[in-house]
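What follows is a set of notes on a single structure, which appears directly below.
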Amino acid sequence: MSQIGLVALSAIPLILSCNTHSLSTFSTSYPHSHSTVAEQNIAPDKKTASDQKATHDQEKIIGDNDLTPVSENGENLPEALRPLIAAIGQVSIGCTATHIGNGLVLTAGHCILTSPRSGPTYCRGVAVVWGNYPGSTGQTVSKCREVVFRNYTSASDIALIRVENPPKSFIPLDLKTGSSSLALPRSNITMLSFPRMRPLEWSQECEMSEYKEKKFLHSCDTEPGSSGAALIDTTTLKIIGVHGGASDELNYGSFLDDLQFHWKEK
């Protein structure tokens with residue numbers, strides 16, 4: 001992993017790394033209001049599910065490719081990360097997601113397609129597959145019940161859905177504490193994802209190089225399919241944010257502050 005200098009966040013074009021999604025440039029304005037389900041789409045407001053499909057895909061490897069297939073039961077991972085692999089799932093549209101407990105699943109906002117006709121909580125057809133790694137006791141499928149929160153704007157790209165039949169494993173997330181308060185430019189973050197929908201792979205250790213308000217840059221290697229993966233502090237095992245896509249120099253992610261603000265207001 002090469003050392004990359006700081007990059008001005010306000011000037012970077014951003015490209016989503018969901019397996020079937022991409023975005024060439026973010027809008028410069030976004031709504032600030034929060035509804036019962038925060039449904040904040042990139043302008044124009046009449047964007048439909050078909051409009052949200054990818055126009056192109058891009059991987060972002062920083063220096064050498066450090067993506068490493070997870071071995072049987074995570075034996076090649078640091079011991080602290082091994083219990084987490086069963087909490088990482090594949091979203092049916094081609095993204096990565098994380099079970100945070102009680103059937104709540106965290107991913108990127110662009111990974112959950114919506115339509116003005118169906119309403120902001122509708123997620124029929126969305127499913128998450130768990131257990132796609134060597135040594136798994138078997139794969140299970142969780143169907144989405146509702147979209148609890150979705151933000152897909154120039155400033156933030158996160159979603160929280162509620163599923164049926166969730167896995168027993170989860171990575172705890174305090175929904176009342178903003179994740180940006182946990183983050184300083186640091187080198188001890190990591191990510192588990194499904195690049196190009198291959199079985200689970202590990203980014204190895206990488207760094208957060210700069211952050212501004214609700215988003216940040218990071219050097220974890222990704223490919224299409226990595227969108228929505230949780231970026232995890234390797235020391236505390238806390239989720240710092242969600243991977244969204246690639247920029248010119250680095251990858252980018254979103255802090256969870258909007259989600260946590262919405263949760264406090266409930």
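Coordinate-derived values only; no laboratory data. Keep in mind the model is a prediction, meaning the values are calculated, not measured.
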Which length gain, in nm to one decimal place, applies between R198 and T137 when the Cα-Cα distance is subtracted from 0.36 nm times their residue separation? 20.2 nm
For the stretch 226-252 and the stretch 62-112, what is the separation of their C-alpha centers, rounded to whole Å? 11 Å
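Taking 0.36 nm per residue of sequence separation and subtracting the Cα-Cα distance, how much length would be gained by fully extending the chain between S92 and T68, in nm to one decimal?
Values: separation 24, 0.36 × 24 = 8.64 nm, distance 2.23 nm.
Extending this stretch completely gives an extra 6.4 nm.
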